[in-house]
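Worksheet: the structure to be examined is printed underneath.
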Amino acid sequence: MQTLLREIKKCEVCKEQLEFGCNPILTASIQSKIIVIGQAPGKKVHESGLPWDDKSGENLRRWMNVDDETFYNPKKIALIPMGFCYPGKGKSGDLPPRKECAPLWHPLLKSKLKNVQLILLIGQYAQKYYLPDNQLNLTETVKKYRSYLPDYFPLPHPSPRNNIWLKKNEWFEKNTLKSLRKHIKKALN
């Protein structure tokens, strides 16, 4: 695993397309019990080098009901984005994750992660990649999360930009998060 992680961190497959350069950001261990598959690092994370080191990460940890020590322990939780480098800014937020990363690196990473009990699919990019036959939109996919268990638990992105979605979908915080926390606790024990 360490060799693979070093190889990924040296990756420059899409360096010509990245305004801020390559800085692959992820953590994993062969002992990881949960995989969090997000979109791509934001600018703050690109600069700090620590996955989910922003408001989205704070929200995600609250949703999962885990502290920083647990969240950042790769023996417990692997943090693997769809695109490993900051893709840059778009018209309405960050650009989508680069499409090269997931097909190139995810199968190799998953082949090493033998103890995984649960995979969180954060946002539409992870859900489209890992649930290719799913024809539902993000809201309906998250509503029907039970149908993807025990392997996957689809979630919206925890970005503060999604506060409007959270207000429109109060069922998520009232019901879905209770189930998420139960599955997280079970996977970590």
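Values quoted throughout were computed directly from the atomic coordinates according to the rules given, and no laboratory measurement underlies them. Because the structure is predicted, anything quoted here is derived from the model rather than measured. Here the Cβ positions follow ideal geometry from the backbone for every residue, glycine too, while neighbour counts run over all protein chains shown.
Below are the figures for this structure:
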quantity: 5 angstrom amide H check on PHE153, placed H, neighbours 5+ away; calculated: ILE119, LEU120, LEU121
quantity: Amide H contacts of LYS89 (H built 1.01 Å from N, under 5 Å, at least 5 apart or other chain); calculated: LEU95
quantity: The range 79-189: relative contact order in percent, alpha carbon pairs under 8 Å with at least 6 residues between; calculated: 21
quantity: Highest to lowest packing among 58-65, 134-141, scored as the average C-beta count within 10 Å; calculated: 58-65, 134-141
quantity: Relative contact order for the range 18-154, counting Cα pairs under 8 Å that sit 6 or more residues apart, in percent; calculated: 32
quantity: Under 5 Å, built H, 5+ apart or other chain: amide partners of ALA78; calculated: LYS33, ILE34, ILE35, VAL36
quantity: Options TRP105, GLN117, ASN134, ranked by Cα towards positive dipole end of the range 99-183, top entry (Cβ charges); calculated: GLN117
quantity: Simple spin-label estimate for GLU173 and LEU50 in nanometres, 7 Å along Cα-Cβ; calculated: 2.5
quantity: Selection from LEU5, HIS183, ASN73, by position along the positive dipole direction of the chain (Cβ); calculated: HIS183
quantity: Surface/4 estimate of mean projected area, convex hull on alpha-carbon atoms of the range 2-188, nm²; calculated: 10.0
